[in-house]
Every structure is written in C-alpha cells, then in structure tokens.
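As structure tokens, the structure follows; a few thoughts come after it.
The values are calculated or read from the model by the stated rules, or taken from the named source; none is laboratory data. Because the structure is a prediction, the values reported are computed rather than measured. All Cβ positions, even for glycine, are placed from backbone atoms using ideal geometry, and neighbour counts span all protein chains on display. For the accessible areas, the whole protein counts, side chains as well, though only heavy atoms, and no ligand, DNA or RNA atoms are used. Shrake-Rupley method; radii C 1.70, N 1.55, O 1.52, S 1.80 Å.
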Amino acid sequence: MGMRHRIVPLAAALALTGGLAATEAAPALAAHPASGPSAQAAAAGGTYLYFNKNQSNPSSSALYLMKSVPNAKDKVLAKYRAGSGNGGRNGKNECASMQGWLPNGNYRVLAHTPHHDGGSRGINGHAIQVQDKVCKNGRTKRTELFVHSEMKPNGTQGARQPGRDNPYRWDGVRDYYSLGCIKLTPAHIKNLFSKAAHYGWPKKLKVVS
C-alpha cells in the first residue's frame, strides 16, 4: 500500500526535475539489449516505467518514463524524484508488508486514473495501479501497489493542518515515505500523466536497486 507511516524526519532535499529531454541516455540497466517483457516493448517502440531504488536514501529514489528503442539504448522521456518504503528499520525490506519498499522485478500496469477515490486516508487523485508481487522469500505477497501522490480525488490539495499531517496534502519531503508504493509530488505525477498521454501509456513497470 502507499500511504506513509511516519518513522523519522528526513532532511530537506531538492526534487528531481520532471520532463528531461528525450535524447538523454537511459539508466544503465535499461540501456542493454532487452529480454522478456522489455523485449516485447522494444519491438513496438513502446514506453515503460523504470524505478531505481536508492539504497542510501530510499525516499530520494528515481522514477523514469522510458521509451524502448529497438537495437539501441532506450531513451529517458522524464525523470522524477520518488520514494518507496516507510523510512524505518524495515524500510528496505521488500518482504515487510506495509513497511518496506517495492520488490525488484517486472510489474504489469493494471490501470491509471486522475480521480482515484481510496476513501478515508486512502490513495486519492492521480494514481497508477500495478500488479501484486511476491517478494524474494517466495511467500509474502505485496498488494495494493500504486504510483501515487497525496491529493483529493479531484486532484486538488487538502487544507493545511498546523501541527498535523493531512494525507490529502503534500506537506514536504517526509511525504515521500509510503507503506510500499511509489510516491511522487503532486506536480510530478501530473506531469507524468501528461507525458504518458502524449507518448503512450506504459504497460510495464521495472523496479531495480
């Protein structure tokens, strides 16, 4: 799931800028000849999401919108700062449900909507759902996995609540924490939706570390 659980404060850091030039080189893993699901995307010249987890600071990881290029390096269409995991002692344990970051591997993108309504303290607004994933222990299934932000179902921000966190409002870098989903700022996920609509919606997410 994606709503965060506060563990420790995170020092302020600059967010990565969305919308890099399409000619920028892809991440190292994506630059090699593709196989499996990536090969299918390459054959069609399609797009995919690529999440590179930051071992030293999981809340400052990177999500890329990539374009597969047959017989050449894939291209970065956009890059965003993103977080996954709650920042606690189990924050990098992919088998810790509701705590750890997403397991490595390939995911199918199941759906996307700018008006997701997850109910009280749920995921709302712009959201991309991906398939469930069994972690590396072969038993624990991570479920309710999304790329999302913090907003109301209509995409607007909730009111500021001094001294409290509003789950419908992006209050700062601590909001990159999650229960396992991939979190972006509201501006970045809206930019991602815009670019995906322009270049073609990705059908796959690849997670690496």
Of Asn71, Asn86, which residue is out of contact with any His (no Cβ under 6 Å at 6 or more places or on another chain) and modelled with pLDDT of 50 or more? Asn71
Quick one: His116 ticks every box in (1) modelled with pLDDT under 95; (2) within 19 Å of Ser178 (Cα to Cα) except a single one, so which number is it? (1)
For the stretch 100-109, does any single residue satisfy the condition of being outside any strand (DSSP E or B), among the aliphatic types (A, V, I, L, M) and within 18 Å of the chain's Cα centre (by Cα)? yes
Residues that are of a type outside the set (Ser, Thr, Tyr) and surrounded by fewer than 16 Cβ atoms within 10 Å (Cβ to Cβ), drawn from the stretch 167-199: Asp171, Gly172, Ala187, Ala197, His198
So, Ser149, is that one exposed (fewer than 12 other Cβ atoms within 10 Å of the Cβ), without any contact (Cβ under 8 Å) to a residue 60 or more places away in the chain, out of contact with any Cys (no Cβ under 6 Å at 6 or more places or on another chain) and of a type in the set (Ser, Thr, Tyr) or not? no
Top-ranked residue of the stretch 117-138 - restricted to ones that are without any contact (Cβ under 8 Å) to a residue 40 or more places away in the chain and open to solvent by 50 Å² or more (accessible area, probe 1.4 Å), ranked as nearest to Asn191 (Cα to Cα): Gln129
